[in-house]
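The values are calculated or read from the model by the stated rules, or taken from the named source; none is laboratory data. Everything quoted here is computed from the prediction, not taken from an experiment. All Cβ positions, even for glycine, are placed from backbone atoms using ideal geometry, and neighbour counts span all protein chains on display. For the accessible areas, the whole protein counts, side chains as well, though only heavy atoms, and no ligand, DNA or RNA atoms are used. Shrake-Rupley method; radii C 1.70, N 1.55, O 1.52, S 1.80 Å.
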Amino acid sequence: MRDPASFRPPSGEVLARFAAIVGERHMLTDEADMAPFLREWRDRYVGRAAAVLRPGSEEEVAALLKVAHEADVAIVPQGGNTGLVGGQIPFETGAEVVLSLGRMNRILDVDVENDAMTLQAGVVLADAQRAAADHGRLFPLSLAAEGSCQIGGNLATNAGGLNVIAYGTARAQCLALRAVLADGRIIGSLSGLRKDNTGYDLRDVMIGSEGTLGIITAAVMRLHPAVTDRAVAFAGMETPGEAVSLLAFFRERLTCSQLTAFELMSHLGLSFAVTHLGLREPFDAPTPWYVLVELSSRGAPGEVLAEMEHILGQAFEAGLIADAALAQSEAQAQAFWRLRDGMSEAQKHEGGSIKNDIAVPVSRIPEFIEQAGAAVLRLVPGARPVPFGHVGDGNLHYNISQPPDMDRDAFLAKWDDVVAAVNDVVLALGGSISAEHGIGRMKRHWLKKVKSPTEIALMRQLKQTFDPRGILNPGKLIP
Ligand SMILES: Cc1cc2nc3c(=O)[nH]c(=O)nc-3n(C[C@H](O)[C@H](O)[C@H](O)COP(=O)(O)OP(=O)(O)OC[C@H]3O[C@@H](n4cnc5c(N)ncnc54)[C@H](O)[C@@H]3O)c2cc1C
């Protein structure tokens, strides 16, 4: 695959052709103007670019890529710039051009009878949710970055998030999409069909391709009936094993509502959120582990709260949980969610943290937490693992805070060793080293360990077919 260092910056003549397509004011070349597009959320990747292009239509994207293809210019597609593996950030060479979809932010259609919504790729996820709600429908994709991330980015990364347990990932929400290929040709449709068995489904190839095969310009996303009632509770327990048992306990007993979130947290993580974000502990007496449970229904108001209360009562009697608190108001439900959503932010105040986004079979989560914890402590005595996340999907954000008395840089210098130790445990348990954030730049070197040589070869052939000159997001995803 093409090395990002093999590209030269676009010439003045090529830049002028780009500007003629998007308009002078939508091509940024000034360092200060480009800066927000060149730095990611955690500051782990900071790149340079020859320009940032901000097209306003699919036609403009197609025209830009045609020029880039002819002139051999590397293009880095960017949505809301919330990706956590560096896929949307150019390398440090300064030769690449960022193509930002942010101006393509129109909701093109909401078709209630087809339960579908057609969106340009740059629509911010929270705006898509609001548009669905305005039509009495639910668009269930939901993640902590939803105020910034975009539909195109969600599809390019096959985003997961909070409601996967009930509705599946971004892939499951997508009925159709359109994309521009590296040479400017356009593929796909916005048909919104639920059945279309006409051969290879290129939509599925594009989803999760992280900007390496094409630029997604628009999509048709599934809608669902609106939720009329929900209940949120915190349950406290002694072990992650009890949390996993509680999940099965709920599933077996639910009759009138649906499990829409089941999020695990340790007391250490929760105490970070309490200390640094000014939040309140859910119980007077802490427990080592917590689960945030959310149930949703379309039934009569109050039913779901009663069901939550009933099942938690049974779990208490069965000795599965030590305590539980039910949100009695929307404000309290939001306060519970804030504890969960604030996990990453709170950890920033505890010094350096090494991040892992892993999945194992749900039943193996307790083993994973125990074995990964031991492996990390062998490498860095005093390190503080803070596992949290979508335990209902077998997906944990296994973040490790530095020992309080250790130098931040010395701790972060151990990033690769710590990640390798955690990933070894993941792979031994039959898991995935990237549950929802993707591969990007950060995990590229791991792909050879998790895909067979045949699979890697096929991925390379696919890349070669879609992008023969290798101009789309070079140095990302494919080893
Ligand atoms: C606080 C926080 C919480 C998060 N929680 C979750 C979570 O729960 N679940 C989860 O899955 N992720 C989560 N993420 C990660 C991130 O939000 C998702 O990966 C999201 O889908 C990225 O969307 P984006 O628009 O920001 O894409 P970007 O970050 O801009 O790009 C991500 C990748 O997609 C490519 N890309 C972007 N747009 C396009 C396009 N139109 N066409 C082709 N390629 C494109 C980029 O080149 C890059 O490789 C979280 C991030 C943050 C900061």
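The residues of the range 107-225 have, on average, 39 Å² of accessible surface per residue, using a 1.4 Å probe with all protein chains present. Sequence-ordered 3J(HN,Hα) estimates for the range 448-453 from the Karplus curve with 6.51, -1.76 and 1.60 and θ = phi - 60° stand at 5, 7, 10, 10, 6, x Hz, glycine and proline given as x.
For Thr260, the amide hydrogen comes within under 5 Å of the amide hydrogens of Glu294, Leu295, Ser296, counting only partners 5 or more places away or on other chains and with H modelled in the peptide plane. With no solvent and one equal point scatterer per Cα, compute the Debye intensity ratio I(q)/I(0) for the chain at 0.07, 0.11 Å⁻¹ and report its log10, rounded to two decimals. Values returned for q = 0.07, 0.11 Å⁻¹ are -0.38, -0.94. Annotation: amide H-H contacts under 5 Å for Val386 (H modelled 1.01 Å from N, sequence separation of 5 or more, or interchain): Asn399, Ile400, Ser401.
Farthest towards the positive end of the charge dipole of the range 107-225, among the residues Gly199, Val110, Met221, is the Cα of Gly199, using unit charges on the Cβ of Lys, Arg, Asp and Glu.
What separates the Cα centres of the range 368-411 and the range 80-130 is a distance of 32 Å. Just to confirm a number: summing +1 for Lys and Arg and -1 for Asp and Glu over residues other than Thr255 whose beta-carbon lies under 12 angstrom from that of Thr255, what do you get? Once all neighbours under 12 Å are counted, the net charge is -1. Net charge of the neighbourhood of Asp183, taken over other residues with C-beta under 11 Å away and scored Lys/Arg +1, Asp/Glu -1, is +1.
Judged by the ratio a/c of the largest to the smallest principal axis of the C-alpha gyration tensor, the range 289-371 counts as oblate, that ratio being 1.5 or greater while a/b is no larger than b/c. Per residue, the average separation of C-alpha pairs within less than 8 Å and at least 6 apart gives the chain a relative contact order of 16 percent.
Determine the shape class of the range 155-301: with a ≥ b ≥ c the square roots of the Cα gyration tensor eigenvalues, call it rounded for a/c under 1.5, and otherwise prolate if a/b is greater than b/c, oblate otherwise. Prolate. With the helix formula -39500 (n - 2.57) applied to DSSP H stretches of n ≥ 4, the chain reaches a computed 222 nm mean residue ellipticity of -10000 deg cm²/dmol. Note on the range 1-66 and the range 232-267: Cα centroid distance 46 Å, given to the nearest whole angstrom.
Sorting 363-374, 5-16, 63-74 by average packing, meaning the other beta carbons within 10 Å per residue, from highest down gives 63-74, 363-374, 5-16.
Across every pair of non-identical alpha carbons in the range 331-380, the mean reciprocal distance, once inverted, gives a Kirkwood radius of 13.4 Å. Please state, rounded to one decimal and in Å, the Kirkwood hydrodynamic radius that the range 351-437 gives when every pair of distinct Cα atoms enters the mean of 1/r. Value: 12.7 Å, from the Cα pair sum.
For the range 107-225, the fraction of 1.4 Å probe accessible surface lying on carbon and sulfur atoms is 48 percent. Evaluating 6.51 cos²θ - 1.76 cosθ + 1.60 at θ = phi - 60° for every residue in the range 268-282, the Karplus couplings come out as 4, x, 4, 5, 4, 5, 5, 5, 8, 10, x, 9, 9, 5, x Hz, glycine and proline recorded as x. Reducing the range 304-323 and the range 425-479 to their Cα centroids gives an inter-centroid distance of 43 Å.
Rounded, prolate or oblate: which fits the range 229-344, taking a ≥ b ≥ c as square roots of the Cα gyration tensor eigenvalues, rounded meaning a/c under 1.5, else prolate when a/b beats b/c? Verdict is oblate for the range 229-344. One decimal place: the segment Ser148-Ala413 gains 92.4 nm when fully extended, by the rule 0.36 nm per residue minus the C-alpha distance. Modelled spin labels at Arg8 and Ser191, positioned 7 Å past Cα toward Cβ, are 4.4 nm from each other. Once all protein chains are placed together, Val22 keeps about 10 Å² accessible to a 1.4 angstrom probe. Near His276, once Lys and Arg are set to +1 and Asp and Glu to -1 for all other residues with Cβ below 9 Å from its Cβ, the sum equals -1. Working note: Karplus 6.51/-1.76/1.60 with θ = phi - 60° gives the range 213-227 the couplings 10, x, 10, 6, 10, 7, 8, 9, 10, 5, 10, 9, x, 5, 7 Hz, where Gly and Pro are set to x. Between amide H atoms placed 1.01 Å from N, distances below 5 Å from Asn158 occur with Gly208, all of them 5 or more places distant or on a separate chain. For the range 316-375, the carbon plus sulfur part of the accessible surface works out to 49%, probe radius 1.4 Å.
Computed from the C-alpha gyration tensor, the three semi-axes of the ellipsoid equivalent to the range 1-95 are 21, 15, 13 Å, from longest to shortest.
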